[in-house]
Amino acid sequence: MNIRFIFSLFLLVVFNGCGFHLVNVENYSLNIDKINPASERQIFSSFANASGFNISHKGKYVIKDLKYNVKYIANRNTGNVWRQYNADASWVLEINNEKIKIAASELINLSSNQSPNEMTFSNLYNPLRRKLLDFTHLEIRKREIESAAKN
């Protein structure tokens, strides 16, 4: 079986070149200096680096006006152990002096004695933060494709 694996790998390399191709990822340079508070800037910096963005003070794409809005969904106390909140986040992406609002939404379930505004629950917003970065990447990519189509 070991010889069969080596032979298969050999054929793969012979017929496909290397056989394994790295994806050519375009790294975009974000300027997140205008995100406040600094703790949010640090969180987004680590997520952005993991998502393939470069963080730079001279980044071509500027992010600013980060806002969170959390709303309790139920309009009365139902006696449930869990409470459901709708968390929205948005920021403004500047591309060539054009301002584009990027928004994301996420449902958060908490026990009835917890609040989504407590700092200890900051990790609950991580999926929302990742969505913002993903939507930002999509918007940048969309603008690139539109620009290439015009040329």
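The values are calculated or read from the model by the stated rules, or taken from the named source; none is laboratory data. Note that the structure is a prediction, hence the values are computed from the model and not measured. As a convention, Cβ positions derive from the backbone with ideal geometry for all residues, glycine included, and neighbour counts pool all protein chains shown.
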- Among the residues listed as Ala89, Ala103, the single one being surrounded by 12 or more Cβ atoms within 10 Å (Cβ to Cβ), at pLDDT 75 or above, touching a helix residue (DSSP H, G or I) at 6+ places or on another chain (Cβ under 7 Å) and assigned to a strand (DSSP E or B): Ala89
- Scan the range 50-65 and report the pairs whose first residue is assigned to a helix (DSSP H, G or I) and whose second residue is loosely packed, with under 15 Cβ neighbours inside 10 Å and not charged (D, E, K, R), with Cβ atoms within less than 6 Å and a gap of 6+ or a chain change. none
- Would you point out the residue of the range 31-58, among those that are of a type in the set (A, V, I, L, M) and farther than 15 Å from Asn123 by Cα, that is surrounded by the fewest Cβ atoms within 10 Å (Cβ to Cβ)? Ala38
- Restricting the range 58-81 to residues that are at pLDDT 90 or above and within 20 Å of Leu107 (Cα to Cα), the residue that is nearest to the chain's Cα centre (by Cα): Leu66
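How many residues are closer than 25 Å to Val70 by Cβ, aliphatic (A, V, I, L, M) and over 18 Å from the mean Cα position of the chain (by Cα) when one looks only at the range 119-150? Give the derivation first.
At the first step, the residues of the range 119-150 found to be closer than 25 Å to Val70 by Cβ are 119-139.
Still in the running and aliphatic (A, V, I, L, M): 119, 124, 128, 132-133, 138.
Imposing the further condition that a residue be over 18 Å from the mean Cα position of the chain (by Cα) reduces the set to 119.
Adding up the residues that qualify gives 1.
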- Query: In the range 1-57, which residues are at pLDDT 90 or above and of a type in the set (D, E, K, R)?
  - Reply: Asp33, Lys34, Glu40, Arg41
